[in-house]
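Worksheet for the structure shown next.
Derivation of every value follows stated rules applied to the coordinates shown; laboratory data play no part. All figures in this text were calculated on a predicted structure; none of them were measured in a lab. Backbone-built Cβ (ideal geometry, glycine too); neighbour counts: all protein chains shown.
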Amino acid sequence: MTDIADIVPIAPPTPARGLRVLRLTTAGYVGVGIIAFWVAAALLAPVLPMAAPNASDLGALANPLPSAAHWLGVDLSGRDILSRIVWGARTVLTVAPIAVAGATIAGAMLGLIAGYRRGTLDSVLSRISDVILSFPVIILYMIILTRFGASALNIVLVITVTKAPIIYRLVRAMTLELREREYVAAAQMRGESGLYIMLVEILPNARGPIIVDVCLRLGYTTIAIGVLGFLGIGLPPPTPDWGGMVRETYGMISLYPHMAIIPCVAISTLVIGFNLLAVGLRRKARHG
Amino acid sequence: MADQPLLSCEALSVDYGTGDLRQRAVEDLSFHIDRGEAFGLVGESGCGKSTVALAIMRYLGRNGWVSGGAIRFDGTDIASLSEGELRALRGARVAMVYQDPLSSLNPVMPIGRQLMEVPLLHRTRNREGARELALRALAEVELPDPEALMTRYPHQLSGGQQQRAVIAMALIAEPSLLILDEPTTGLDVTVEAAVLALVDRLRRRRGTSVLFISHNLGAIGRLCDRVGVLYAGRLVEQGPLHQVFGNPRHPYTRGLLNSVPSLGRDRRGRPLTPIGGTLSEASRLAVGCAFADRCPHVVDGLCTGQPIALEPVAGEASHIVRCVMSPRLPAFSWADEGGPAIAEQPAAEPVLEARGLGKRYELSGPSGGRTSLEALRGIDLVLERGRTLAIVGESGSGKSTFARIVLGLTDATEGELDFRGQNIARLAIGRRSRDLRQRLQMIFQNPDSTLNPSHTIGYALERTVGRLHRVGRADRRAAVGKLLQLVQLPANFAERMPDELSGGQRQRVAIARALAAAPEIVVADEPVSALDVSVQAAIANLLKELQVDQALSLVFISHDIALVRYMADHVALFYRGRLVEVGPADAVFAPPYHPYTQMLLASVPDPAAPSQRAAAPEAGAATAPETTRGCPFAARCAWRIDGLCAEVEPPILEPGEEHRIACHLTLQELPRHIGQAA
């Protein structure tokens with residue numbers, strides 16, 4: 001009785017197995033394109049033939065509108081807007097990913113532990129995350145950053161603390177579901193440690209929704225950094241910062257609207273890029 | 001008008017596809033259903049049987065369309081109907097019952113309102129009339145206390161009651177055709193038997209035609225007058241039930257029939273004959289016979305290359321078959337091929353012994369107080385070395401709880417579980433020694449969740465070998481190869497991911513993973529219940545072979561009593577967390593029976609005897625209030641002694657050696673015939 005069991009002839013395993021999650025919908029590719037544009041701008045900032053971001057061209061102040069010398073015009077201090085936007089991309093694309101990575105690692109680890117161990121630890125962590133989430137974030141930003149000072153590190157920390165509970169909730173909910181899977185029981189039966197089960201058996205199966213959420217968080221963090229800059233508690237001047245650029249020039253919006261609008265457009269496009277990527281990933285995650 | 005069939009499909013073809021991708025789901029299918037007739041459509045998953053139902057209802061989504069042929073209902077081409085006419089047809093003249101009753105019921109609406117919607121929508125009744133109709137429909141599907149049921153919500157009903165409510169909803173508009181798409185899959189056997197008997201009575205009373213779609217040959221045999229066998233979207237055989245099941249002329253039909261376990265086959269008998277291979281995409285496109293690549297009778301050039309027509313079977317007028325080899329096939333016999341019979345084994349020493357094992361869940365009640373749910377009570381069981389102990393029970397009988405206690409995935413609250421002189425009843429998996437974990441392994445039920453989708457097959461097996469045996473890397477590799485060979489999978493499967501495997505293959509890997517530990521005891525919790533019959537047979541055979549070869553002690557948990565008959569040396573029947581009967585398989589399957597055993601046996605549809613219709617037992621209300629006193633089966637028992645059974649714990653009768661029955665009846669009063677229904 002050696003029937004060769006139910007063998008389905010199927011295509012050989014795809015080599016790019018780990019990359020499967022990166023196959024996207026059209027919207028996703030548009031998102032990738034937008035993000036790639038800003039990443040390229042940020043990377044190439046030092047070699048692009050532009051004025052230095054903090055160099056003042058006082059002569060241009062007479063006519064700050066876009067011209068051959070300054071393609072996007074200059075701001076109130078005579079600094080080249082194009083250059084500040086490009087260098088500003090550097091700022092946001094450094095701070096946002098680091099902050100989101102911090103939030104993701106902290107949130108995912110705590111979520112795994114709470115969902116897998118449950119009990120008192122879960123209750124305590126969940127209540128703490130509820131408290132953080134119920135706080136108006138802007139107020140929280142203002143309290144912390146005015147108290148401890150506005151530096152890149154403090155911004156990363158404050159964003160980590162406020163975004164981690166969102167990732168925590170997602171990962172905890174997924175862990176609660178995945179821990180009941182039979183392969184987790186099988187791992188327990190061969191005597192795997194809790195850490196192994198959380199990181200090797202559970203986490204990889206939660207990666208789809210986590211990646212999608214990370215993209216959304218990147219978008220929201222871009223906005224948050226812009227808001228912080230606009231409130232004057234972002235990166236200290238003269239660091240080129242999109243939010244700060246709006247803050248410095250919004251008083252002149254009726255006279256020279258381009259000074260404030262151009263950095264706003266920069267923020268919006270980057271946020272849209274991240275959101276489109278998230279949507280593209282989510283569709284794929286759902287339909288396999 | 002009267003002499004034309006109610007429904008006819010004429011050379012029906014259905015395609016699915018998006019963009020350039022197209023796939024034929026149903027090809028050139030012709031059949032008809034006369035008035036008052038029950039027609040069965042049978043086949044494995046993916047054969048296109050549900051597509052046929054959807055096409056009849058014109059429910060094919062945006063991705064599906066009828067690409068050829070026509071469906072006529074009462075002489076009218078369904079394709080020609082306008083949206084309005086279609087609405088009038090659906091529900092009023094053709095009604096459909098789906099597999100999962102919960103997906104057909106609105107969870108936020110009481111049953112009564114949902115039933116009344118049908119006549120109100122079709123404007124055949126006012127509110128009062130609709131209510132009356134709804135009440136009558138509920139009474140007609142034999143639900144207890146229709147008045148009270150009207151105000152209940154779907155989640156307050158048991159699975160069987162939900163399916164009855166859905167059938168009531170389908171019947172309320174008095175349709176002339178009732179389409180049942182796997183209506184009993186997922187229901188317990190006794191409930192299944194009761195639902196099938198109900199449909200059969202209803203159609204006889206009302207003259208409703210029935211299209212019954214199922215992979216369950218036994219169920220088809222219970223209900224249908226004629227049957228069509230579908231393979232890869234093509235009809236391979238069709239005819240009156242007794243001709244198709246009694247004299248199957250297509251090798252696929254024969255394969256299906258022979259892969260079904262029946263009560264006539266015990267474990268010493270010949271093995272089940274599974275159909276090798278699976279339905280492949282390539283065979284869908286084949287010009288000749290789609291079954292050729294799995295067929296034991298295939299002849300090159302004859303079976304492939306040219307289209308094969310449906311031909312009448314000699315001597316049987318309305319019996320047609322699509323097989324060129326058909327006239328040359330030998331006469332059909334049950335399990336006409338197979339290995340040697342397994343010899344009777346001598347008694348063996350016990351390896352696992354449960355004494356008074358119980359499990360109580362503490363729950364916080366709705367009002368903040370604490371209540372407890374008794375999942376298991378007073379279980380006394382012995383597993384002998386190298387034997388198979390089968391645990392049979394319906395959902396909620398506590399059989400999975402027992403498995404989880406054995407494996408340490410949950411702890412018992414009462415009693416002892418003795419393994420090698422150690423009480424492991426309260427020893428959680430985390431506190432068990434490596435040695436103990438290695439000796440006790442489990443095969444899980446769900447092929448979709450038994451393997452981690454993020455890891456290769458090789459990794460899953462290698463890790464188990466490594467964790468439990470601490471051997472070098474090269475040895476682990478070699479062990480994986482051997483394990484795959486053991487479960488009859490090619491060695492290159494080690495590189496594959498679980499989603500590249502079929503359900504049966506995944507279950508084979510799960511068996512290999514359990515064996516990787518080289519265990520003493522394997523607990524298999526419904527290992528085949530999620531698989532197609534033909535695959536089910538292959539996995540059951542594999543388990544049985546391995547159990548003998550590796551001298552495993554096997555705890556085989558199942559709700560399928562016919563399969564248990566095929567697998568088990570000893571059988572234990574659980575009912576609501578209590579042991580009602582236990583003993584050697586031969587004794588349990590022979591009279592005298594416990595009333596519950598008798599009911600289970602009577603519920604088994606047997607394709608070998610398709611005409612046994614009347615035997616279906618009357619399953620009483622399965623949702624009687626939770627009782628901790630008396631016999632757990634009292635509420636459904638036909639032999640119940642009022643004032644005694646529901647109040648007093650039943651005594652243990654011992655009709656034979658090792659054979660125990662918990663019942664208030666005396667040995668002489670116990671039921672002795674399977675067909676003796678109340």
Within the under-10-Å Cβ sphere about A:E182, not counting A:E182, Lys/Arg +1 and Asp/Glu -1 give a net charge of -2
Residue ranges of DSSP H helices in chain A that stretch 18 Å or more (Cα, own long axis) and have mean Kyte-Doolittle hydropathy of at least 0.5 are A:26-44, A:81-117, A:119-134, A:152-178, A:207-231, A:257-287
Mean projected area (nm²) from the convex hull of Cα positions in segment B:213-266 is 3.8
Scoring only Lys, Arg, Asp and Glu (+1, +1, -1, -1) among other residues with Cβ under 13 Å from the Cβ of B:D380 yields -3
Scan of chain B for trypsin sites (Lys or Arg not before Pro) in DSSP loops with at most 16 other beta-carbon atoms within 10 Å gives a longest site-free stretch of B:471-612
Along the dipole axis of segment A:47-142 (charges at Cβ: +1 for Lys and Arg, -1 for Asp and Glu; origin at the Cα centre), the most positive-end residue among A:L112, A:H70, A:N54 is A:L112
Here, GluC sites (Glu not before Pro) of segment A:178-257 satisfying both criteria (DSSP loop; at most 14 other Cβ within 10 Å) are A:E180
Computed about the Cα centre, the charge dipole of segment A:39-193 from +1 Lys/Arg and -1 Asp/Glu charges at the Cβ has a magnitude in debye, to the nearest 20, of 380
Inter-part gap, Cα centre of segment B:301-328 to Cα centre of segment B:629-678, in whole angstrom, is 52
Kirkwood Rh for chain B from C-alpha pairs, in Å, is 27.0
Listed by chain and number, the residues whose amide H is under 5 Å from that of B:A390, excluding neighbours fewer than 5 places away on the same chain and using placed H, are B:F556, B:D569, B:H570, B:V571, B:A572
Hull volume per residue for segment B:251-328, using the convex hull of the C-alpha atoms, in Å³ is 125
Relative contact order as a percentage, segment B:7-224, C-alpha pairs under 8 Å and 6+ apart, gives 27
So, for the Cα atoms of the protein assembly as shown, Rg and Dmax in Å stand at 33.6, 115
Summing +1 per Lys or Arg and -1 per Asp or Glu among the other residues with Cβ less than 13 Å from B:A314's Cβ gives 0
The Cα extents of segment B:385-445 along the principal axes, largest first and rounded to whole Å, are 33, 28, 21
Taking r as the C-beta separation of B:D77 and B:A428 and R0 as 45 Å, the FRET efficiency to the nearest 0.05 is 0.10
Rounded to a whole number, the mean other protein chain Cβ count within 10 angstrom for residues of B:505-513 is 2
Long-range amide H partners of A:R79, meaning residues 5 or more apart or on another chain whose placed amide H is closer than 5 Å, are A:D57
Residue by residue through segment B:493-501, the couplings from Karplus 6.51 cos²θ - 1.76 cosθ + 1.60 with θ = phi - 60°, in Hz, x for Gly and Pro, are 5, 4, 7, 7, 9, x, 6, 8, 10
Scalar couplings 3J(HN,Hα) for segment B:7-16 by Karplus 6.51 cos²θ - 1.76 cosθ + 1.60 (θ = phi - 60°), nearest whole Hz, x for Gly and Pro, are 10, 9, 9, 10, 6, 6, 10, 10, 10, 10
Phi angles of segment B:350-355, converted by Karplus (6.51 cos²θ - 1.76 cosθ + 1.60, θ = phi - 60°) into ³J(HN,Hα) in whole Hz with x for Gly and Pro, give x, 10, 9, 9, 9, 10
Over all Cα pairs of chain A, the Kirkwood radius sets Rh, and Rg/Rh then becomes 1.09
Rounded to the nearest 5, the percent of antiparallel DSSP beta bridges in the protein assembly as shown equals 60
